[in-house]
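The numbers here are math on the coordinates, done by the rules we state, and not lab data. Quick caveat, the model's predicted, so the values are computed rather than measured. Cβ coordinates were reconstructed from backbone atoms using ideal geometry, including for glycine residues, and neighbour counts include every protein chain displayed.
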Ligand SMILES: [Zn+2]
């Protein structure tokens, strides 16, 4: 079911067993057939246009980028060809523009919704890894510098007395469509957060606390943000959301109390909306969450169930 989500889909074999093959990694880096995706300060290199697509460099163009790169990561295999991500964040954009032309750097949050989904998945993966690389330059245990290992999938502390291994982090978050019984097929709880663009309504979400199950996180967040108690918490699907490093785990839940008391720090508004209410959103200058989000997918899935 979640195969329809943006930024998901196994379009690339991660080939994790090859990450420790250092000579293989070095050989593939020299191979003119290998493909290189470029990341610069949280932006991905794309071919812009009405249908933006990932800029995939090979041969001399790839060589030039690899020579300029601060980090290089092996993403995996596509059609048995190695795919790498190269990070150019240490350079100024004007200095690297000739090397990446005619591509342009763009925020995946802007172009993701209008890209082919498999391409969006690979770009999200590349971006997520590079965000981690640039934030993991020093050991969080002892403060010494770290070195990239395992084809860019691990950072090792260089201090002989420490040597701690650091792996890319993913922050688990729950996101939930809460429904209630009632006339017109019941209603869904949607809210507007202070940081949302005007008129946007979405499902509730929050990060999982240490020592908490996903189901407990769902119930806690809904109670904290809207004062509504829930039961029947059911997993629906997940979506990587590397903006910068979340994994969104989508749930449905059934309300057992219907009165909403929302936390004004978290929400500017929260209401029960029937499907008919949502159908009239445009008239009321309201809109649903962005099309590439699991939030939108949860809402659309509910709307389609009559
Ligand atoms: Zn250390």
Pseudo-spin-label distance residue 81 to residue 213, built 7 Å along Cα→Cβ, given in nm, is 4.7
Here FRET efficiency (C-beta to C-beta, residue 220 to residue 304, R₀ 25 Å, nearest 0.05) is 0.30
Most exposed first, judged by fewest Cβ atoms within 10 angstrom, 114, 200, 175 run 114, 200, 175
dims of segment 1-47, Cα set, principal axes, largest to smallest, nearest Å -> 39, 26, 20
For segment 174-306, using Cα atoms only, the Rg and Dmax in Å read 13.8, 44
Among 257, 38, 291, the residue with the largest mean-square fluctuation in a Gaussian network model of the chain built from Cα contacts under 10 Å is 257
Tilt, helix 294-304 to longest principal axis of the chain (alpha-carbon atoms), in degrees rounded to tens, equals 40
If the label point sits 7 Å along Cα→Cβ of residue 63, residues of segment 91-133 with amide N under 17 Å come out as 99-100
Stokes-Einstein, Kirkwood over Cα pairs, segment 18-163, 37 °C, 0.692 mPa s; D in µm²/s equals 208
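Report the semi-axes of the equivalent ellipsoid for segment 137-179 in whole Å, largest first, where each axis is √(5λ) for an eigenvalue λ of the Cα gyration tensor.
Those come to 32, 12, 6 Å.
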Ranked from fewest to most other Cβ atoms within 10 Å of their own Cβ, 302, 132 fall in the order 302, 132
Cα gyration tensor of segment 134-212 diagonalised, 5x eigenvalues square-rooted, in angstrom largest first, produces semi-axes 44, 14, 11
FRET efficiency (residue 11, residue 285; Cβ distance; R0 35 Å; to 0.05) is 0.40
Quick calc: nm separation of the 7 Å Cα→Cβ label points for residue 53 and residue 256 -> 5.3
For the chain, the longest principal axis of the Cα atoms and the Cα long axis of helix 117-135 enclose an angle in degrees, to the nearest 10, of 70
CD proxy, 222 nm, the chain: helix-only mean residue ellipticity via -39,500 (n - 2.57) per DSSP H run with n ≥ 4, per residue, nearest 500, stands at -7500 deg cm²/dmol
Taking the alpha-carbon centre of each part, the distance from segment 187-232 to segment 9-53 in Å is 36
Applying the gyration tensor rule to the Cα atoms of segment 182-244 (axes a ≥ b ≥ c; rounded if a/c under 1.5, else prolate if a/b exceeds b/c, else oblate), the class is oblate
Mean-square fluctuation maximum in Gaussian network of the chain, Cα pairs under 10 Å, restricted to 80, 42, 269, hits 80
For the chain, the longest principal axis of the Cα atoms and the Cα long axis of helix 59-68 enclose an angle in degrees, to the nearest 10, of 80
Dividing the surface of the Cα convex hull of the chain by four yields a projected area in nm² of 18.5
In cubic angstrom per residue, the convex hull of segment 232-306 built on its Cα atoms measures 138
Taking R0 as 41 Å and r as the Cβ-Cβ distance between residue 99 and residue 193, the FRET efficiency 1/(1 + (r/R0)^6), rounded to the nearest 0.05, comes to 0.55
The whole-number value in µm²/s of the Stokes-Einstein translational diffusion coefficient for segment 1-83, with Rh from the Kirkwood sum over alpha carbon pairs at 4 °C and 1.567 mPa s, is 91
Stretched fully, the stretch from residue 144 through residue 164 gains (0.36 nm per residue minus C-alpha distance, one decimal, in nm) 6.2 nm
